[in-house]
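Below: the structure, in structure tokens.
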Amino acid sequence: MKKFYSLTLGILLICFCFCFSACAHDHTFEEKWSYDSDYHWHASTCGHEVKNNLERHTFDSANKCAVCGFVITDEYTKGLLFSINRATHSYTVEKGSATSVKIVIPAVYEGRPVLRIAQRAFRDSRITTVIIPDSIKEIGKDAFRDCKILVDIKIAKGIEIIGEDAFTGCISLNTIVFEETEGWSVDGEAISSEDLSNPERAAELLTTKTGEWTRTA
């Protein structure tokens, strides 16, 4: 019996040493870059999860990483105007020269987040649809005021402030979806989550309660 245990132990020790020696080699790395949406790196040629030169992307004006070539593929409406906020290293967006009735706002522009929709950004515009990314924190005062044919917009879950009269005069906006219904108030008056969970009621409130909307976590 002792010989059996000794033999078994010896086999296990040999297997352990073999596996350790197979994994503990000096790694070599591929010349081409591997990447995800945030980082790029050189992967090991043996398939181990070892990454060399792991760094964040450095994006140029075309949303392409100058190092590895990764491109942000977010589609957005051409002609939108972006203004940089150097204090927060982010962008504010407004209509600019955009002519499409469908407005798609990107989450990232030139490698920096888009956090705010400007005051009067789309006021009195002939737009029907707005797609807002989760990166947006604030919709400015009068941003969509008098957009009379606007029918489709969601209040993304990242939004914490909706400025005064942002949707006043949006007479075709009969339904609206709040992706986050908890914690909203207008000039200090709490708005119930139940009301905001109802798209028709939410649209009615958003277009008639003209004060500043704020959300607390």
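Of the residues Leu206, Leu196, Leu173, which is out of contact with any Asp or Glu (no Cβ under 9 Å at 6 or more places or on another chain), assigned by TED's automatic domain parsing to the domain that holds Tyr109 and either within 29 Å of Asn85 (Cα to Cα) or modelled with pLDDT of 95 or more (or both)? If you could, list the steps in order and put the result at the bottom.
On the way: Leu196 fails: out of contact with any Asp or Glu (no Cβ under 9 Å at 6 or more places or on another chain); Leu173 fails: out of contact with any Asp or Glu (no Cβ under 9 Å at 6 or more places or on another chain).
Sole residue among the options that is out of contact with any Asp or Glu (no Cβ under 9 Å at 6 or more places or on another chain), assigned by TED's automatic domain parsing to the domain that holds Tyr109 and either within 29 Å of Asn85 (Cα to Cα) or modelled with pLDDT of 95 or more (or both): Leu206.
Filter the stretch 133-169 for residues that are of a type outside the set (D, E, K, R) and outside any loop (DSSP other than H, G, I, E, B) and give the result.
Hits for the stretch 133-169 are Ile139, Ile153, Ile155, Ile161, Ile162.
Does the stretch 49-67 hold any residues that are over 17 Å from Arg112 (Cβ atoms) and either in the same structural domain as His89 (by TED's automatic domain parsing) or modelled with pLDDT under 80 (or both), and which are they?
Glu49
Take the residues of the stretch 129-158 that are of a type in the set (A, V, I, L, M) and under 16 Å from Gly211 (Cα atoms): which is surrounded by the most Cβ atoms within 10 Å (Cβ to Cβ)?
Of everything passing the filter in the stretch 129-158, Ile139 is surrounded by the most Cβ atoms within 10 Å (Cβ to Cβ).
For the stretch 77-128, which residues satisfy the criterion of being of a type in the set (Val, Ile, Thr), under 15 Å from the mean Cα position of the chain (by Cα) and not in a strand (DSSP E or B)? Step through it out loud before you land on a result.
Step one: filter the stretch 77-128 for residues of a type in the set (Val, Ile, Thr), giving 77, 84, 88, 92-93, 99, 101, 103-105, 108, 114, 117, 127-128.
Still in the running and under 15 Å from the mean Cα position of the chain (by Cα): 92-93, 104-105, 108, 114, 117.
Once the filter is applied, which keeps residues that are of a type in the set (Val, Ile, Thr), under 15 Å from the mean Cα position of the chain (by Cα) and not in a strand (DSSP E or B), the stretch 77-128 yields only Ile105.
Taking the condition modelled with pLDDT under 95 and not hydrophobic (A, V, I, L, M, F, W, C), does Lys141 pass? Step through it out loud before you land on a result.
Details: modelled with pLDDT under 95: no; not hydrophobic (A, V, I, L, M, F, W, C): yes.
The answer is no for Lys141.
Within the set of pairs 6+ apart or on separate chains, which have a first residue in the stretch 76-88 that is over 7 Å from Ala98 (Cβ atoms), a second that is acidic (Asp, Glu), and C-beta atoms under 8 Å apart?
Leu81/Glu94; Phe82/Glu110; Ser83/Glu94
Could you list, in sequence order, the residues of the stretch 170-202 that are in contact with a Phe, Trp or Tyr (Cβ under 7 Å, 6 or more places away or on another chain), assigned to a loop (DSSP other than H, G, I, E, B) and more than 16 Å from Phe144 (Cα to Cα)?
Hit for the stretch 170-202 is Ile191, nothing else.
The values are calculated or read from the model by the stated rules, or taken from the named source; none is laboratory data. Since we're looking at a predicted model, the values are computed, not measured. Virtual Cβ from ideal backbone geometry, glycine too; neighbours counted across all protein chains shown.
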